[in-house]
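Working notes, beginning with the structure itself.
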Amino acid sequence: MIIPETPEHLDAVRQLTIEAFAASPFGHNGEADLIDAIREQCAHTLSLVAIEEDRIVGHILFSPAEIHTLDANGVGPTVSGPDVLGPNMLGMGLAPMSVHPSHQRRGIGAMLVKEGLRRLDELGNRFTIVAGHPEYYPRFGFRPAQEFSVSHGFQGMPQDVFFLRPGPSQDDEFSGGRAHYHSVFGPQHEGS
Ligand SMILES: CC(C)(COP(=O)(O)OP(=O)(O)OC[C@H]1O[C@@H](n2cnc3c(N)ncnc32)[C@H](O)[C@@H]1OP(=O)(O)O)[C@@H](O)C(=O)NCCC(=O)NCCS
């Protein structure tokens with residue numbers, strides 16, 4: 001069962017996040033604290049939990065993101081921040097998500113992604129971005145962001161793990177830009 005997170009789920013989500021990332025090849029690198037910071041600092045989030053036999057076994061979080069479009073010379077806008085509209089497009093970023101190690105590879109992650117995207121599509125969300133494994137996200141309609149000439153701004157992270165899924169009927173609108181997750185995710189596009 002996939003349902004929206006409620007305050008009574010917060011402790012279990014924190015524990016789940018720590019355990020899922022600790023068991024992954026990358027280890028736990030503060031994702032549980034990142035989730036708390038996103039909850040505090042982002043005006044709009046979508047947070048869903050997967051429940052099996054009264055236990056939280058999965059969690060997914062979406063938070064506001066922007067694509068700062070580029071002008072004909074490839075130069076971005078001079079202002080940035082969550083309130084900028086103008087040529088910037090508002091959408092959502094998917095991160096983090098986790099499924100408890102005891103419940104992985106049973107499709108729970110897929111159910112969380114699909115239900116999240118379904119709800120965002122219904123709300124008219126214009127795009128969703130995600131950084132992750134190239135074999136996983138395309139099955140949900142994500143395409144390499146490079147196909148849209150959209151780049152992420154995290155130093156040291158390759159562009160080919162960055163994906164974009166346009167909302168329904170939004171395919172034509174992406175013609176280059178810099179994607180920004182909320183600043184809570186850290187510095188992006190520094191020096192560009
Ligand atoms: C990523 C995660 C949420 C997937 O949850 P899940 O319920 O196991 O996912 P599903 O059952 O829907 O799908 C499993 C598929 O994802 C693939 N997959 C998931 N993460 C992967 C990764 N890091 N590398 C390679 N493949 C991965 C598996 O190979 C599997 O593919 P298959 O179905 O073709 O065999 C879970 O593995 C997890 O919590 N990992 C630790 C935290 C993490 O890395 N989160 C993602 C980054 S925010």
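Please treat every number below as a calculation from the coordinates, not as lab data. Predicted model only: the values in this text are computed from it and were never measured. No Cβ is skipped: glycine too gets one built from the backbone with ideal geometry, and neighbour counts run over all protein chains shown.
Looking at the stretch 28-71, which GluC sites (Glu not before Pro) are in a loop (DSSP not H, G, I, E or B) and have at most 15 other Cβ atoms within 10 Å? Sparse-neighbourhood loop GluC sites (Glu not before Pro): E53. Taking other C-beta atoms within 10 Å as the exposure proxy, D36, D11 rank D11, D36 from fewest upward.
For the pair T6 and E122, the difference between a 0.36 nm per residue extended length and the Cα-Cα distance amounts to 39.7 nm. Just to confirm the filter: which GluC sites (Glu not before Pro) across the stretch 90-192 are DSSP coil and have at most 15 other Cβ within 10 angstrom of their Cβ? Listed in order of number, the matching sites are E135, E190. Backbone geometry of the stretch 93-105 corresponds, through the Karplus equation with coefficients 6.51, -1.76 and 1.60 at θ = phi - 60°, to 3J(HN,Hα) couplings of x, 9, 3, x, 9, 7, 10, 4, x, 6, 10, 6, 6 Hz, x marking Gly and Pro. Helix 31-41 axis versus longest C-alpha principal axis of the chain: approximately 60°, rounded to the nearest ten. Ignoring trypsin sites (Lys or Arg not before Pro) that are buried or in helix or strand per DSSP, and keeping those with at most 14 other beta carbon atoms within 10 Å, what is the longest stretch of the chain between them? The answer is 1-104. Count Lys and Arg as plus one, Asp and Glu as minus one, and take only other residues whose Cβ is under 14 Å from that of G153; the net charge is then -1.
Give the angle, between 0 and 90 degrees and rounded to the nearest 10, that separates the Cα long axis of helix 10-22 from the longest principal axis of the Cα atoms of the chain. Value to nearest ten degrees: 80. Using only Cα atoms, find the angle between the long axis of helix 108-122 and the longest principal axis of the chain, and express it within 0 to 90 degrees, rounded to the nearest 10. Between helix and principal axis, roughly 50 degrees. Based on alpha-carbon atoms, the Kirkwood radius and the radius of gyration of the stretch 11-56 give Rg/Rh equal to 1.00. Translational diffusion of the chain, estimated by Stokes-Einstein from the Kirkwood radius over alpha carbon pairs at 25 °C in a medium of 0.890 mPa s, is 143 µm² per second.
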